[in-house]
1. Given the options H299, H309, H205, state which has the largest fluctuation in a GNM of the chain using a 10 Å cut-off (strictly under) for Cα springs.
2. So what's segment 191-341 giving for Cα Rg divided by 2.2 N^0.38 Å, two decimals?
3. Please report the net charge: other residues with Cβ closer than 10 Å to the Cβ of L281, K and R +1, D and E -1.
4. My understanding is that a pair violates if its Cα-Cα distance is over 29 Å; which of K128/K191; K49/K126; K126/K247 do that in this structure?
5. Considering only the other residues whose Cβ falls under 14 Å of the Cβ of E179, what net charge follows from Lys and Arg at +1 and Asp and Glu at -1?
6. Can you give the Rg/Rh ratio of segment 22-135, where Rg is from the C-alpha atoms and Rh is the Kirkwood radius?
7. If I fit a long axis through the Cα atoms of helix 273-284 and take the longest principal axis of the Cα atoms of the chain, what angle between them do I get, 0 to 90°, rounded to 10?
8. Considering all projection directions equally, how large on average is the shadow of the alpha-carbon convex hull of segment 242-331, in square nanometres?
Amino acid sequence: MAASGKLSTFRLPPLPTIREIIKLFRLHAMKQLSQNFLLDLRLTDKIVKKAGNLTNAYVYEVGPGPGGITRSILNAGVAELLVVEKDSRFIPGLQMLSDAAPGKLRIVHGDVLTFKVEKAFPGTLKRKWEDDPPDVHIIGNLPFSVSTPLIIQWLENVSQQDGPFTYGRTPMTLTFQKEVAERLVASTGSKQRSRLSVMAQYLCHVQHILTIPGRAFVPKPEVDVGVVRLVPLTRPGIQQPFKLVEKVVQHTFQFRRKHCHHGLGMLFPEARRPESTEALLQRADVEPTLRPGHLSVAHFRRLCDAYRHMCDRDPGLFAYNFREELRQKKSRPQTGEAWRESDSL
Ligand code: SAM
């Protein structure tokens, strides 16, 4: 008890400001890497506070850069903070923070898209999926070009309970372009409802916890930034493989202004599209004239279950790709040419 009390009262000693660190190590933001830094430590404290109680927790920070959020995490009394940063220019500044917080900050010069965090923390932290979330948290302000593919990768990991979710239902607190944050939390029927809303919400409890104006970053990005907290659900809203859900959701939203049967129809070969689409919608008990944005997770659950049933009966169906069928149709020789080809055989 005494030891944990000690850990939770840790504060970093006085240090140069983030602005001074940037100057000292010549860390000008690289536009081509979409680097925008948070220098205001009150703001980074606010983000970290919203991530939950980090006392004695193990935290994985993605893309620490000059270390604003990193400082706030260290001041939250964590047991250990592991940071993964791709740009080597930031390592000396982070090393300075590590010296100021002995034994607490582990720095990896690497890529978050390939880093295996499941091996990084003690196995004793693992919790059963149905239990409360483990004492492991993910926090990060990454470039938008990285945070969006990364969240898709992590949602697949959530569905498989692997990667960062080997420890259990690890909560994530991440920044996104504000529009993407709004899509992540968009409810059924709202204007922003999209693929990402369904994919995130069938697997996680998703909250848009904070909006940060672009002017809070240096240099200022073109857009405002949304901070989103995602906690994996104990029981996903759809009990089918991630790739199957992804396929159904992606097909549904490809014609987002049309009735949902248009997009869903493309799951089936052209020759039997109308009857297969009708069979799918009937089995799923979904109105064909609903628009994609008006479909709830429960609608998608029934559509995915019905599609799975049809795939189980027709083993070639899941591999069917209407774009491939279109391409083949276009490259197929015209009737006359086909005759000429067969003549020469
Ligand atoms: N988190 C810092 C902040 O809030 O001030 C820096 C934010 S900046 C938008 C994004 C950081 O992520 C940069 O330091 C960049 O080098 C790093 N980064 C970008 N892609 C990365 C990747 N694939 N793996 C690890 N770090 C990455």
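The values are calculated or read from the model by the stated rules, or taken from the named source; none is laboratory data. In this text, all values refer to a predicted model and were calculated from it rather than measured experimentally. Backbone-built Cβ (ideal geometry, glycine too); neighbour counts: all protein chains shown. For accessibility, only protein heavy atoms count, side chains too; no ligands or nucleic acids. Shrake-Rupley method; radii C 1.70, N 1.55, O 1.52, S 1.80 Å.
1. Greatest mean-square fluctuation among the candidates belongs to H309.
2. Details: Rg = 19.8 Å, N = 151, 2.2 N^0.38 = 14.8 Å.
The reported ratio for this selection is 1.34.
3. Details: positive: R283, R302; negative: E278, D285, E287.
Around L281, the surrounding residues sum to -1.
4. In this structure, K128/K191; K126/K247 lie more than 29 Å apart at Cα.
5. On the way: positive: K178, R183, K191, R193, R195; negative: E182, E222, D224.
Every neighbour counted, the sum reads +2.
6. Values: Rg = 14.6 Å, Rh = 15.0 Å.
Expressed as Rg/Rh, it is 0.97.
7. Compared with the principal axis, the helix lies near 50 degrees.
8. Values: hull surface 22.5 nm².
The directionally averaged projection comes out at 5.6 nm².
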